[in-house]
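Only one structure is covered here, and it is reproduced in the block below.
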Amino acid sequence: MSLVMTTPPALEPVTVAEAKAHLRVDGDAEDILIGSLVLTSRLHIEAALGLALITQSWTLALDRWPRGNHIDLPMTPLQSVDDVRVVNGAGIVMIIPAESYLVDLASRPGRLVWNNTIPPIPGLPANGIEIDFTAGFGATADSVPAPLKHAILMLTAHWYEHRDPDDIGTSAAQVPAAVSDLIQPFRTIRL
């Protein structure tokens, strides 16, 4: 299984200006650094939670279909399944008709559920199945929950203050507990 981002978010949930206000930084001498820290903070939070904060597109490649009648898609919240493709033994790409499956946007993680259909078996031993999907809270920063935006600001501030290479590996370089507390309600709990 592999997961590849095909279209990144068009913007960050927190602007450089918002981060500078949070950091109390004047001038533009560190705008590139602060922008990089905002990006890194978003990526860290998305990876920790399996979330897409701003709308983005992904391709999930599978070797074979999982057991059962559904496929869990690894990024939430799921907005849509855009395409399902299978490569047959002759190397021909077959598009699975959308009528063959249902898209469960309410579940977490979102799922592709087979609609009384048996999907074709891929003809390749690896990555013969590709599912294109879109995930994210929405296309604008306003669609991202406020606690997650605040966690990005706090993590940006933490990394801004602890950017010295001597900090790496020390307790000062650890993600602050307050950031973990803010993102905790967004974790997927497996039962």
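The values are calculated or read from the model by the stated rules, or taken from the named source; none is laboratory data. Remember, predicted model here, so these are calculated numbers, not experimental data. Here the Cβ positions follow ideal geometry from the backbone for every residue, glycine too, while neighbour counts run over all protein chains shown.
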Reported set for region 1-22 where residues are buried (at least 17 other Cβ atoms within 10 Å of the Cβ), in contact (Cβ under 8 Å) with a residue 24 or more places away in the chain and under 12 Å from T156 (Cβ atoms) is E12, P13, V14, E18, A19, H22
Quick one: A47 ticks every box in (1) closer than 16 Å to T156 by Cα; (2) more than 18 Å from the chain's Cα centre (by Cα); (3) among the hydrophobic types (A, V, I, L, M, F, W, C) except a single one, so which number is it? (2)
Being of a type in the set (G, A, S), in the same structural domain as S80 (by TED's automatic domain parsing) and more than 17 Å from the chain's Cα centre (by Cα) is the filter here, so list the residues in region 107-163 that pass it. G123, A126, G128
Kindly indicate whether P13 is closer than 27 Å to R163 by Cβ and either touching a strand residue (DSSP E or B) at 6+ places or on another chain (Cβ under 7 Å) or among the hydroxyl-bearing types (S, T, Y) (or both). yes
Out of all the residues in region 105-126, which are farther than 27 Å from I54 by Cα and either exposed (fewer than 15 other Cβ atoms within 10 Å of the Cβ) or out of contact with any His (no Cβ under 8 Å at 6 or more places or on another chain) (or both)? N115, N116, T117, I118, P119, P120, I121, P122, G123, L124, P125, A126
Report yes if some residue within region 30-44 is charged (D, E, K, R) and either over 30 Å from W159 (Cβ atoms) or not assigned by TED's automatic domain parsing to the domain that holds H162 (or both); otherwise report no. no
Looking at this structure, is D82 charged (D, E, K, R) and loosely packed, with under 15 Cβ neighbours inside 10 Å? no
Which residues, taken from region 93-140, are in contact (Cβ under 8 Å) with a residue 40 or more places away in the chain, small (G, A, S), part of a loop (DSSP other than H, G, I, E, B) and under 30 Å from A10 (Cα atoms)? G128, G136, A139
Could we say that L102 is more than 21 Å from the chain's Cα centre (by Cα) and either surrounded by fewer than 18 Cβ atoms within 10 Å (Cβ to Cβ) or under 21 Å from T6 (Cβ atoms) (or both) here? yes
For strands (runs of 3 or more DSSP E) lying entirely in region 1-92, having 3 or more residues that are at pLDDT 95 or above picks out 2-7, 56-62, 78-87
